[in-house]
Amino acid sequence: MQDQLAAHCLVGLIHPMAYPEVMAGEGPILETLSQIATDSFFSAVEVTRMKDPKVRSEAAEMLATAGMDVIFAAQPALLGQALSLSDLDSAKRQKAIDACKKMIDEAYELGASIMAVVSGPDPGEAARDQATEALVNSLKQLCADAQEKAETRMLTISLENFDRDVDKRCLVGPTKEAAQIAEAIRSEYSNFGLTIDLSHQPLLRESVEEMVLAAVDHLVHVHIGNCVIGDTSHPAYGDQHPRFGVPGGANGLEELKRFLEALIYAGYFKRNTPSSMPVVSFEVRPQEGEKPELIIANSKRALTQAWARL
């Protein structure tokens, strides 16, 4: 396309994926976040829990000063602590809801416009309907909590769908089912949407077009990245978000270009999103022996080249 990418979207980076040492809410959070905030290629950043209130406060000031849109990623905490918003055990599900409500507080403190979450594990076909009902109930509670805490702006809760039978093995799942959940919630709460991820598309066995068109009416947020399928012996097999171009990877420049084309065709870049513009964030993680800075540079080149081919 002749238009610059910045005319259509904000490019973001998922901080705890690019720098896995901060995934648990500790480590060199401010130092690594500063590297993203001072890189003018990025206008958005996705952060996760920061256990130290002082670090959170300094991060919020840093990101506001840099003029960045902020998205809060609750997925690392939910997956890392095996917390399930669709748990059939009401006590366990309440634990996940309570954890998310605390993260809603952090998201507001950090100036986030969106908080992305994930369903719990797939319980199997016999219990899926019951688990989906529990998930919808949980998500409605989170939307209500975000509304009650809103002051100058309202946080949007966004559900990201994952594979059901390869790696993360989540309840949600196929993009069409995620869209059905969004329909049910948005009938009561306007501050809800969906996040889709190019990295998950091959794992879901959906075409790019199927994924985008199924989600677009509720789409508030997009991830781009790579995955490895087929070779279970590959060190990055499954949902590990290796760099673009990794040997054995499913997504390269052509797949990224096709995904961007589908987003354009579906009208995502013209949507009124909770962020100041539609966001497209890299979800890439260094594999063993790789440096974050090189993985980030790889991602920037891939997006620039894919956009130039449109």
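Worth pointing out:
- Packing order of peptides 201-209, 154-162, 125-133, highest average first: 154-162, 201-209, 125-133 (average count of other Cβ atoms within 10 Å over each peptide's residues).
- Extending 7 Å from Cα along the Cβ direction at A6 and again at S34 yields two label points whose distance is 2.3 nm.
- For the range 229-310, a/c is not less than 1.5, where a ≥ b ≥ c are the root eigenvalues of the C-alpha gyration tensor, and a/b tops b/c. That puts it in the prolate class.
- In this rough spin-label picture, where each label sits 7 Å from Cα along the Cβ direction, the A91-R309 distance is 5.4 nm.
- Computed helical MRE - 222 nm, the chain, DSSP H runs ≥ 4 contributing -39500 (n - 2.57), nearest 500: -13000 deg cm²/dmol
- Stokes-Einstein D in µm²/s, Kirkwood radius over Cα pairs - the range 174-310 at 20 °C with 1.002 mPa s viscosity: 137
- Simple spin-label estimate for T65 and D105 gives 2.6 nm between the two label positions (7 Å along the Cα-to-Cβ direction from each Cα).
- For the chain, modelled as a GNM whose springs connect Cα atoms under 10 angstrom apart, the maximal fluctuation among V228, V166, V284 occurs at V166.
- Close amide-amide hydrogen proximity is noted between L171 and G120, D122, each under 5 Å apart and 5 or more residues distant or on a separate chain (H modeled in the peptide plane; Pro and chain starts excluded).
- For the range 9-223, the Kirkwood estimate of the hydrodynamic radius, built from every pair of different alpha carbons, is 17.4 Å.
- Ascending count of other beta-carbon atoms within 10 Å, so fewest first, for L13, L142, L88: L88, L13, L142
- Contour excess over end-to-end distance, with Cα ends at A127 and H234 and 0.36 nm allotted per residue: 35.3 nm
Throughout, read-outs are computed from the coordinates displayed, never taken from laboratory work. These numbers come from a predicted model, not from an experiment. Using ideal geometry, Cβ is built from the backbone for each residue, glycine included, and neighbour counts are taken over all protein chains shown.
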